[in-house]
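Working notes, structure below.
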Amino acid sequence: HKIVFATSNAGKMREIREILKDLGAEILSMKEAGVDIDIVEDGDTFAANALIKAKAVWEKTGGIVLADDSGLVIDALNGEPGVYSARYMGEKTSYEIKNWNLIHRLDGVPEKKRTARFVCVIAAVLPDGRTLTAEGTMEGVIAHEPAGAGGFGYDPILMLPEYGKTSAEITMDEKNAISHRGKALRAMKKRLAEEIGE
Ligand code: ITT
């Protein structure tokens, strides 16, 4: 089987390839599948946006298409940046600036109220057009300063209490074992195996 993954985020793609490597399928990025389209992610939820991306690419390729919509949900900011995580402060703003901005917005928030999580919804469109979704989360608290060079995006500011490290300070294998994306993709792998006997 060939599976097209509807993402243009290189950080996601690295993790996805590692998590799905035992599936015995060839995983193609959008670029590798020759799909060059602009997708408007105007849904209100991670699931809605994941389905928008997977369906848009499936219209071009057919077969099996997966997509990942994810983000950082900060309780003290009423769930921001949430589904706007990629667009927060504009797509061109560096994560160094975005990460410090979020930390500063939590100035004065008591330690117990700095809770946050990464959320990931994986959507699939099957060859016959049916769709599936699977969700995963990873809980943490917002750090007082960014730390670590691993991962991507907001990883340097999500402190994982059980590790005493941020999500950017653990290895990719450690992150994949506990992450929102790892959980959602492993759940999706099971569903796909049932659906298509992968
Ligand atoms: P595609 O839509 O092409 O997949 P994107 O980056 O635009 O790429 P999203 O709309 O799903 O994807 O936005 C997800 C954002 O959430 C991502 O850009 C990061 O800012 C953040 N994010 C998601 N998962 C993350 C993770 O594991 N570590 C750090 N930040 C993450």
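Annotations
- The gain in end-to-end length when the Leu77 to Ala147 segment is fully stretched comes to 23.1 nm, 0.36 nm per residue minus the alpha carbon separation.
- Exposure proxy ranking, count of Cβ atoms within 10 Å, fewest first, for Phe152, Phe5, Phe118: Phe152, Phe118, Phe5
- Cross-link partners for Lys31 among the aspartates and glutamates, with Cα-Cα distance under 20 Å and sequence neighbours closer than 8 places in the same chain left out: Glu15, Glu18, Glu41, Glu59, Asp68, Asp69, Glu91.
- Extended-chain gain in nm, criterion 0.36 nm per residue less alpha-carbon gap, Arg191 and Asp128: 21.2 nm
- Taking all Cα pairs closer than 8 Å and separated by 6 or more residues, the relative contact order of the range 2-196 comes to 19 percent.
- Convex hull per residue volume in Å³, alpha carbons only, for the range 2-196: 111
- Inter-part distance where the range 109-144 and the range 150-198 are each reduced to a Cα centre, Å: 10
- Secondary-structure-derived ellipticity at 222 nm for the chain, considering helices only, amounts to -9500 deg cm²/dmol, per-run term -39500 (n - 2.57) for DSSP H runs with n ≥ 4.
- Between Asp42 and Met89, the FRET efficiency from the beta-carbon distance, with R0 = 22 Å, is close to 0.70.
- Contact order for the range 24-115, expressed relative to its length and based on alpha carbon pairs under 8 Å spaced 6+ residues apart, stands at 19 percent.
- Pairs exceeding 23 Å between alpha-carbon atoms, taken from Lys12/Lys165; Lys55/Lys189; Lys165/Lys189; Lys12/Lys190: Lys165/Lys189.
- The label point for Asn9 and the one for Leu23, both projected 7 Å from the Cα toward the Cβ, are 1.6 nm apart.
We did not get these values from a lab; they are worked out from the coordinates using the rules stated. What you are looking at is a predicted structure, and each value in this text was computed from that prediction instead of being measured. Positions of Cβ are generated from backbone atoms using ideal geometry, with glycine treated the same way; all protein chains shown enter the neighbour counts.
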